[in-house]
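Q: Got a structure for you, questions after.
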Amino acid sequence: MVFWVFGYGSLVWNPGFEYDEKIIGYIKDYRRVFDLACIDHRGTPQHPARTCTLEQYDGAICWGAAYCVQGGAEKEKAAMEYLERRECEYDQKTLVNFFKDGDSEQPILTGVIVFTSTPDTVSNKYYLGPAPVEDMARQIATAFGPCGNNRDYIFLMEKALSDIGHEDDYIIDLANEVRKVLGIVGGVPKEKKLPSPRIPFKAHMTSPLKLGPLPEAVAMDS
């Protein structure tokens with residue numbers, strides 16, 4: 001038995017399990033959305049994080065990484081058990097076709113596993129659904145959990161997709177909105193201007209100002 005799993009979120013930069021091969025490519029008719037709650041990694045039940053899931057959308061493509069696991073039943077079982085624990089908020093395992101750049105008609109892999117979630121707020125307790133980008137950004141900017149900040153998740157995703165050469169405009173726009181909430185421009189915090197001290201003006205000096213000789217100039221390394 002050999003299985004392949006497609007990573008489109010944190011699995012792209014942090015698979016966390018032993019695999020035998022990694023291929024960069026994409027799946028069709030799916031797009032990323034930040035519609036899923038995370039209450040045990042980068043959020044809490046009281047303040048859920050927003051993480052990535054997939055939404056079916058005709059004509060869309062979603063870039064990521066496919067990982068192959070082979071080498072015996074024990075190794076494959078260990079990898080799948082790890083993935084099921086890690087992806088516990090996802091209630092579906094879907095089988096998809098996987099394509100490489102330039103292979104738009106014929107997939108190089110079929111039956112690739114991808115973890116997805118049912119887009120239903122009634123049957124799926126982790127599904128948050130869509131929201132205005134400003135609301136999502138505020139939630140992402142302030143949520144945190146045992147594995148870190150929610151903001152780091154989207155910034156790492158943005159970087160990972162850039163590193164594989166396939167940026168996602170949706171992720172970039174949402175990450176930039178999070179930066180606005182955090183007061184970050186161009187990747188660094190905005191400098192807060194401090195008010196200049198007000199020095200009262202005195203019309204009459206009590207004593208004349210004495211100027212001493214200037215020191216000789218000294219050359220300094222730049």
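Each reported figure results from applying straightforward, stated rules to the coordinates on display, with no laboratory input. What you see is a predicted model; the values in this text were computed from it and never measured. Virtual Cβ from ideal backbone geometry, glycine too; neighbours counted across all protein chains shown.
Q: Summing +1 for each Lys or Arg and -1 for each Asp or Glu, what net charge is found among the other residues whose Cβ lies under 9 Å from the Cβ of P119?
A: Values: positive: none; negative: D35, E55, D120.
Local charge sum for P119: -3.
Q: Below 14 angstrom from the Cβ of K77, what's the summed charge of the other residues (Lys, Arg +1; Asp, Glu -1)? Please list the in-between numbers first.
A: On the way: positive: K75, R85; negative: E18, E74, E76, E81, E84.
Summing Lys and Arg as +1 and Asp and Glu as -1 gives -3.
Q: If neighbour count is taken as other Cβ atoms inside 10 Å, put I184, I140 in order from fewest to most.
A: Working: I184 17, I140 27.
Ascending number of Cβ neighbours within 10 Å: I184, I140.
Q: Which ³J(HN,Hα) values in Hz, rounded to whole numbers, follow from the phi angles of region 69-81 under the Karplus curve 6.51 cos²θ - 1.76 cosθ + 1.60, where θ = phi - 60° and Gly and Pro get x?
A: Computed from phi, the couplings for region 69-81 are 10, 8, x, x, 4, 5, 5, 5, 5, 5, 5, 5, 5 Hz.
Q: I've got another one for you. Treat every Asp and Glu Cβ in region 3-185 as -1 and every Lys and Arg Cβ as +1, leave all other atoms uncharged, and give the resulting dipole magnitude about the Cα centre to the nearest 20 debye. Before the final figure, lay out the partial values.
A: Numbers: 18 positive and 29 negative charges, 99 e Å.
Dipole of region 3-185, to the nearest 20 debye: 480 debye.
Q: With r defined as the distance between the Cβ atoms of T94 and T121 and R0 fixed at 22 Å, what FRET efficiency is calculated, to the nearest 0.05?
A: The pair T94/T121 has a calculated efficiency of 0.65.
Q: Greater than 23 Å separation of Cα atoms is the criterion. Which listed pairs, K22/K93; K75/K159; K22/K100, meet it?
A: K75/K159
Q: Right, next: DSSP loop trypsin sites (Lys or Arg not before Pro) in region 108-173 with at most 12 other Cβ atoms within 10 Å of their Cβ, which ones?
A: Answer in residue order: K125.
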